Every structure is written in structure tokens, then in C-alpha cells.
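Novice: Pasting a structure here, questions to come.
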Amino acid sequence: MAKLIYVILPYPTLIRQGIRSDFGGTLNIIHRINEIMQRGLRLIDKKALGKKVSPGDGVFTSHLKRYLRHYLLLSNEAFDVTSFFKKEASKLKVVYAYGNALEFTFENLKVDEILETFEIGHDLDSHVQYEFFDGEVSKKIYEMYLGKEVLVQDYDVSTFLSPFLTVYIMIAIAENKSEFDTIIKKAASKRISLRKVGSKLIKVGKYSTTNFGGSPFFNVSINPVIVLPPQKYDHRFNDNLSSLLNSILCIGELHNILELIDDAHESCTLASHSVPFELKQKIGSLKINPFRNILDLYGLRSYKKYEELFHSFLYGDVAHMRKYGTKSAEIIWKKEGIFHYQAINDLLSRTKTYSGNMAHILYKPIAARPKSSKGETFCSYIFKTFENRFNELRDTVEDFVKDTSKILEASRTTVQLNLALVALFLNLLLTILPVKAWVEQLISFIWHMVN
């Protein structure tokens, strides 16, 4: 009996139903993107997750965690999120979340069951989404990696679309040498081509790997991967499997960050039309009725709320973005080797390190791919792409800041005018009220005198 593991990397695209496009939502999206570029796309709502697990728990069986080396910057935490996925897969034992990677483990599978899964091949992403993702699961995925702040609170979960899967790999873990050989032999009979990656105990499928149809890639798939864990420590096996998994996950996370930067750019572009309308509706119009807008102080409270949000955003996220590319940032990078966005720097350096060992797997030359198969050239290609996309986002955010500043400035004048008009109206009313009372008393006195 063998084990089967699906390793997937979800990409929770922002341009979807359920993503807020109002003023606060736009600021939250930019804040989250800035945070992701510094810390990576990681789990953020840990209270809503399952149990935190570690090797010392005795029940922690993650194979992925065992072979990942410093995939994340600040955290090596893993969580059991099995309860998120309640579909028909009866042999699904456990699902672990580690960074931006999800690991589905199936146990006690026969060789024929393994081979049936192999035939899914490069359609594994569609299979996983159909079998394990529904509206509720997708919502939880978004909340785990993007946070509740960017989501509309009252959207219909049934219409919420699933995240894309950037990385999708199936790993078969054989129980013994005989089963390992049988799986390989039967796979060959079904014309599933395999190749080794430096260890006799690891075989990797020849399906497409980094698909450069996108810019600079779309997804990573090397299905299937067949392994037989060594009985004793085998540094070649550990190093090769570690290099393979780390390079693929780093490339996948780089892809996700680049796509999220694009999404944030598009979100800001859309906000340039929706936010002005929202601000003018709530604080940019005259409100001279002395009673109707009393709770909002005629736009003052709304204005203060928006102004506080905007200044926090302006002196935090936008200030950090503006520093990128400056001389001070370059000096720090040259002297200390610290890139302005730490997660990008870390992922690029690790991709370069690990993928150098896997060049023959990851960079198989085809027409649409870079001519050089070196990881260093590939990383340079990704870095140039990052700079282009980030500069577009920064320019869009700058325009958004300028437009919002103008609207808030105009709104401040309107709010001040609102308060002045209402104050004048109330002052006149208070001036008239004593005269009215005196006239009423005079009429009452005359009435009594006449009668």
C-alpha cells in the first residue's frame, strides 16, 4: 500500500467577486500587497486555522515540511486544516497548510489506484478544485492568505470562485522497493515518461514544468513524482528532493506575488473611478438640513474617519513604496545585501540556489522559454518582471493618492461650509425663538383680558 500526496499552491486572485472595491477596501489591498512583498504570502488568520502541529506532536506526518529548507522567511509553522475540506475523498487522511503551500495526504492506496491518479496528469489542478474546493473552502483560503478586510462581508458564498492553483504536484511514496519498481513499470506501460533527478529513489514525470507561456511563467507541474524514502540517511535523496520542492514552491510563490501586484494595480485603477464617487456621496455634498445629518455632524465624522485611514496609508505603505529605488535603498542593498522587499529578495536567492541543482528539470529548453537554462538568468528575468510590474503599481498608487488628496481637500471645505450653514441656521432659529415666545405670551394675555 502506498501514500499519495498532492502539493498545491493556491493563488487567491483579487479581481474576483467578493473583493471590496470601496475606499477602505482599496487601502487594505495595497497594505496587504506591501506586506506580502516584505514577508511573503503566508497564513495570517491563525485563530481560524486548525491545530498548529510540529514533529514533537507524534501525529505530525507532513512529508513536505520534512524536505523544505527555509521556504518561508519568518515562520516554520504548519497547521492541520483537514476540516476545511469535506468532500467525498474517503482516503484523504490529512491536509496541512505550510506557508502558501497545502499538502493533501492519502493513505493505503493500491498501485492501480495510484496509476489512475497519474492519468490525471497535468489536469490535477482541475481535479483538486472540483473535488476539494467549494464556495466555503474558497472563502477560507482567501481569509487565510489575504485577510477578511479585503472581502465583502455579505457576498453570496455559492458564487465565490475558487483560487487558481499555481503549483500542483502529485507525489507517490512507495512502501518498499518492490512496490516502487511496480509503480514505475506500470507507469511505463501507460506511457507515463519518467526521469531521475540525481537519486535512484526519485523519479519525476516529463510533463511541463515552469510554463513560460505567461510573463514570466504561469504554473509549475512535474507530475508524477515517485519516491522511495531511504531506510538510512541518504544525503543525495534528501538534497535532491529538497531542491526540487523548494525551487518549485519558491517559483510558484514568486508567480503569485507578481500576479497579486498586477491585481492590486487593476484594483487601484478601478478605484480611481469608484472611490471619488463614494467620497463625494458621503462627505462631499452640502448637508444643510439641521436635523437629518445630526449624528454624522454634517459629514465631519465621516471625513475624520476617511482622513485618518488615508494618512495612515499615506505615511505607511505609500511611504515605503516611494523609497524603493532611491539611493538610500540601493546603498543598504549593496552594503548589507538586504533588498527593499525582503520576501522577493529571499525567494529570488533561494530560487537561484535550489534551481541550479534542478536546471535539467526546471528549465528544459523550449521556444517560449529563456535561452539560458541557468537559475541566475531565470532569476534576473523574474526580477526585471517584478520591477516593471511594481513600478506600474507605484505609479497607479501615486495617481490614486493625488486624486484622493484633492477630493479630501475639497470635502474638508464642503464640511466646513456645512457646519457654518447649520450654525447660522440654528443661530437664527435661537434668535427668533424668544420673539415667538414673547408674541405668544402677549396674545395669551390679550385673550385673557378680553374674556
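Novice: Scan the range 340-356 for residues that are touching a Ser or Thr at 6+ places or on another chain (Cβ under 6 Å) and among the small types (Gly, Ala, Ser) and jot them down.
Specialist: Ser355, the sole residue that qualifies.
Novice: Based on what the data block shows, is Arg16 among the charged types (D, E, K, R), modelled with pLDDT of 70 or more and in a loop (DSSP other than H, G, I, E, B)?
Specialist: So Arg16 does not fit the description; no.
Novice: Residue check: is Ile332 of a type in the set (A, V, I, L, M, F, W, C), modelled with pLDDT under 70 and assigned to a helix (DSSP H, G or I)? Spell out how you get there, then give the answer.
Specialist: Values: of a type in the set (A, V, I, L, M, F, W, C): yes; modelled with pLDDT under 70: yes; assigned to a helix (DSSP H, G or I): yes.
Answer is yes for this residue.
Novice: Tell me whether the range 351-363 contains one or more residues that are part of a loop (DSSP other than H, G, I, E, B), surrounded by 13 or more Cβ atoms within 10 Å (Cβ to Cβ) and either β-branched (Val, Ile, Thr) or modelled with pLDDT under 80 (or both).
Specialist: Yes, the range 351-363 has at least one match.
Novice: Thr396: modelled with pLDDT of 85 or more, among the hydroxyl-bearing types (Ser, Thr, Tyr), closer than 30 Å to Tyr303 by Cβ and surrounded by 15 or more Cβ atoms within 10 Å (Cβ to Cβ), yes or no?
Specialist: yes
Novice: Look through Leu194, Leu161, Leu165 and report the one residue that is modelled with pLDDT under 90, under 15 Å from the mean Cα position of the chain (by Cα) and closer than 25 Å to Leu115 by Cβ.
Specialist: The conditions single out Leu165.
Novice: Same structure, new question: Residues being of a type in the set (A, V, I, L, M, F, W, C), touching a Leu at 6+ places or on another chain (Cβ under 9 Å) and either more than 21 Å from Lys148 (Cα to Cα) or at pLDDT 75 or above (or both): count how many of those fall in the range 42-70.
Specialist: 4
Novice: Could you please find all residues in the range 181-191 being touching a residue at least 12 places away in the same chain (Cβ under 8 Å) and surrounded by fewer than 21 Cβ atoms within 10 Å (Cβ to Cβ)?
Specialist: Thr182, Ile184, Lys186, Lys190
Novice: Another question about this same structure. Which one of these is surrounded by 13 or more Cβ atoms within 10 Å (Cβ to Cβ), more than 30 Å from Leu241 (Cα to Cα) and modelled with pLDDT under 75: Gly316, Gly325, Gly375?
Specialist: Testing whether each residue is surrounded by 13 or more Cβ atoms within 10 Å (Cβ to Cβ), more than 30 Å from Leu241 (Cα to Cα) and modelled with pLDDT under 75 leaves just Gly325.
The values are calculated or read from the model by the stated rules, or taken from the named source; none is laboratory data. These numbers come from a predicted model, not from an experiment. Virtual Cβ from ideal backbone geometry, glycine too; neighbours counted across all protein chains shown.
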